[in-house]
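The values are calculated or read from the model by the stated rules, or taken from the named source; none is laboratory data. All values derive from a computational prediction rather than experimental measurement. When we count neighbours, we look across all protein chains shown, and the Cβ atoms used for this are built from the backbone with ideal geometry, even at glycine. Note: areas computed on protein heavy atoms with side chains; ligands, DNA, RNA excluded. Shrake-Rupley method; radii C 1.70, N 1.55, O 1.52, S 1.80 Å.
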Amino acid sequence: MPELPEVEVTRLSFADRIRGATIGHLRLGKPLRWPLGVDPLSLTGRRVRQVDRRGKYLLMHLDAGCLLWHLGMSGALHFAPNQPSPGPHDHVDLETDRGTLRLHDPRRFGALVYVDGLHDARAIRLLGGLGVEPLGGAFDPLAFHAALRQRRAPIKQVLLAGDIVVGVGNIYASEALFKAGIRPTTAACRISKPRAARLHDAIVQVLSRALEVGGSTLRDFSNARGESGYFQLEMSVYDRAGEPCAQCQTPIRQIRQGQRSTFFCPTCQKP
Ligand SMILES: [Zn+2]
């Protein structure tokens, strides 16, 4: 599943090139997770302004209205002056005078949604519940601790929910909790201020590192149509069940939390 760093690198791969383009035609293939919400013909002639990101949504501002893109479980966006004929998994082509932005999405959990503006009811439904951006100045350790104090759920699930801080998906949550020395099953409200501060730093480090690695492979990534895998990060615990912890040699343990796999070191990560 594309996570925040992958979505940000996707944005960087085309945002500058599509800015100022005029939309010619929007071709829609098979239905995606949500309907577009407007007659595609009404978009012809509109101009693309900047492309921003909020959580895992790309916000493509137009001279009137905004297109929200989401990559879902398996989506990849690729912008090119000339695209080959659409394949069976290419479900959206946004054709402009500068090239075509194509959404390739085998599992079709992705979406393209039109809203008149970000205060539109539909936009608020999709974006309104999102927590702060982890890599912006708004992510503050004290506010983070205060928010965790309100939650009794296990810390990993609180991170995945995305309503305190966005973008900490399954892999990044496991890795950040390892860095911070916190057991993923620990109730969020039991995490002390210093531990919350360590977790805050670990989240920023893990996501920044993923962006850095993604940025360095930007060309490969934007060329790799349909292969929206994770960046090749050095994993400390994720997907390493049974292997020795790099810090203490204890075998990494794997558990299930809310249908998702969690990996941790039972020695280095304290409840
Ligand atoms: Zn360990």
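Structure above, values below:
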read-out	value
Rounded if a/c under 1.5, otherwise prolate or oblate - the stretch 49-131, Cα gyration tensor axes	oblate
Residue (of 250, 115, 70) at the positive-pole extreme of the chain, dipole from beta-carbon charges	250
Sequence-distant residues sharing a close amide H with residue 25 (under 5 Å, placed H)	95
Cα-based shape type of the chain, given that a ≥ b ≥ c are square roots of the gyration tensor eigenvalues and the cut on a/c is 1.5	prolate
Net length gained if the chain between residue 150 and residue 73 were fully extended (0.36 nm per residue, minus Cα distance)	24.7 nm
Whole-number percent relative contact order across the chain, with pairs defined as alpha carbons under 8 Å at least 6 apart	19
The stretch 68-85 - phi-based ³J(HN,Hα) in whole Hz, Karplus 6.51/-1.76/1.60, Gly and Pro as x	9, 10, 9, 8, x, 8, 9, x, 9, 10, 9, 10, 8, x, 10, 10, x, 4
Pairwise label distance in nanometres, residue 42 with residue 201, each label 7 Å out on the Cα-Cβ vector	5.1
Å² of accessible area per residue within the stretch 35-83, as computed with a 1.4 Å probe and no ligands counted	39
Global geometry of the stretch 58-185, whether rounded, prolate or oblate, following the gyration tensor of its Cα atoms and the 1.5 cut on a/c	prolate
Potential lengthening between residue 34 and residue 267 on full extension [0.36 nm per residue; Cα-Cα distance subtracted]	79.5 nm
Carbon/sulfur fraction of accessible area - the chain, other protein chains in place, 1.4 Å, %	50
Per residue accessible area of the stretch 93-151, 1.4 Å probe, in Å²	49
Contour excess over end-to-end distance, with Cα ends at residue 235 and residue 54 and 0.36 nm allotted per residue	62.6 nm
